[in-house]
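What follows is a short report on a single structure.
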Amino acid sequence: MSSRIEIDEGRLWGNSVSNRLCYPSEIEDCFHSDGFEASYGLRVEDNPSILNIPVVSSVLAESWVLGVDIHVPTLDKVFAESVERLKGEYEKIYDRKFSSKLVVDEAVENHVESEGTAVYFSGGLDSTYSTLTNLALNPLAIMVFGYDLYLNGEAGNKIKEKWREAYTKFADWAGFQITFVHTNSRWLVDEDRVSQRMGGFHAGLSYWDAIRHAVCLMGLAAPLSLKRFNRLHVAANGAEFKEATRAHPYGSASNLNTLIKWGDLETVWDGPIYRFQKAEKIKEWLNSGQTMLRPCYKPLLDFNCNECEKCLRTIFQLIVAGVDPEKCGMKVSRDTWGLLRGNIEGGVKRRLIQTQWLPLQRHIREFGVTVPRSGVGFINWFMDIDLEEYAVG
């Protein structure tokens, strides 16, 4: 058994890319499968050095954390160099040395041969803002199924089909092109088991949030880029702590995502402002009744649960921005305000308090907010509390 993760040359079947992986015996239990797959909705060029980027991106963080090399026959030269720089940034953020290496037999120089723009689109508020505010660039929106949520089996297929239908309709109405990617990228890895092995260096963050999700997502666009785009926009996740640091660690930030490149492609950290400010800037779109937001982390046919921290926070941010949440896929009831308070009182991750809730509180204290009568009690309470007292982790 090899002491490194062996990745074979990517195979292209139609517009689908597949790779086989062979893991060292000591880490086999950290993976669900030895087969990587990604299917694209547009034609893909048969360039192995580009086709291998998604699978390498999918297991790169595991290589670092578990201390096991990756060996791949062919890879884009710029990408291989860029992820080494990315590794160095994570080493500084988490004060940890990653000894593993990315071993490439043939590093290839590529040119994407296009002046186009693409944007990662999830249906969430951040990516909707990035897509709508870049319409003048005629962006290609890339929506990935299987990156942030596990969508497997019959139930998952029904959800994907409903989401595909809704966002195709939205793209046609708003005037941009959208394409869909189906992958097992996230499911490939047993994140819980890897997290157990990596110890406490991730500062209370989940393994996904701490180190995996940025590189995992960015690399999935590579096969689509050739002859289509040389700028890839990824939505910024807020205005606080634009860069990840040892004091404020996170796995996705301007000093991380923008390092990930291939060929002559440039990565753009798009919209580093608060989410309620984004909602305010596109509120005419959001209040049109044509936009379906999907901030929820749960795989639901109804798009959002309207009860989790992410849903409730988004609802509140929309209201602060002058947007009717009911017009863009969220549901609000008299219970929403009690749920908001209960969610905060139950404890919120410290990073979310600092980057999401405190900016909202400062904004409301300075400018006020208009809410229905059922929300007045919550607003009065929210204005007076010390949010830091509810921070956990």
Exercise. How many angstrom separate the Cα center of region 339-359 from the Cα center of region 160-191?
Worked result: 29 Å
Seminar exercise, completed: Residue span Cys305 to Tyr390: 0.36 nm per residue of separation minus Cα-Cα distance leaves a gain in nm of 28.3 nm
Exercise. In deg cm²/dmol, rounded to 500, what helix-only [θ] at 222 nm does the chain give when every DSSP H run of at least 4 residues adds -39500 (n - 2.57) and the total is split over its residues?
Worked result: -10500 deg cm²/dmol
Exercise. Taking every pair of alpha-carbon atoms in region 303-392, what share in percent sits in each 10 Å bin, from 0 to the bin with the longest distance?
Worked result: 16, 56, 27, 1
Problem set entry | the chain - percent relative contact order, Cα under 8 Å, separation 6 or more | 17 percent
For this session: Could you give log10 I(q)/I(0) at q = 0.14 Å⁻¹ for the chain, computed by the Debye formula over C-alpha point scatterers of equal weight, without solvent?
Result: -1.28
Exercise. Rg and Dmax of region 91-135 over Cα atoms: what are they, in angstrom?
Worked result: 18.1, 43
Seminar exercise, completed: Footprinting proxy, Ile211, Ile178: sorted fewest to most Cβ within 10 Å, the residues are Ile178, Ile211
Problem set entry | Pair Lys242, Arg373: separation of 7 Å Cα→Cβ label points (nm) | 4.5 nm
For this session: Among the GluC sites (Glu not before Pro) in region 90-162, which ones are in a DSSP loop with at most 12 other Cβ atoms within 10 Å of the Cβ? Mind listing them?
Result: Glu109, Glu115
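Where a number appears in this text, it was derived from the coordinates with a stated rule and is not lab data. Every value quoted in this text rests on a predicted model; they were computed, and no experiment measured them. Cβ coordinates were reconstructed from backbone atoms using ideal geometry, including for glycine residues, and neighbour counts include every protein chain displayed.
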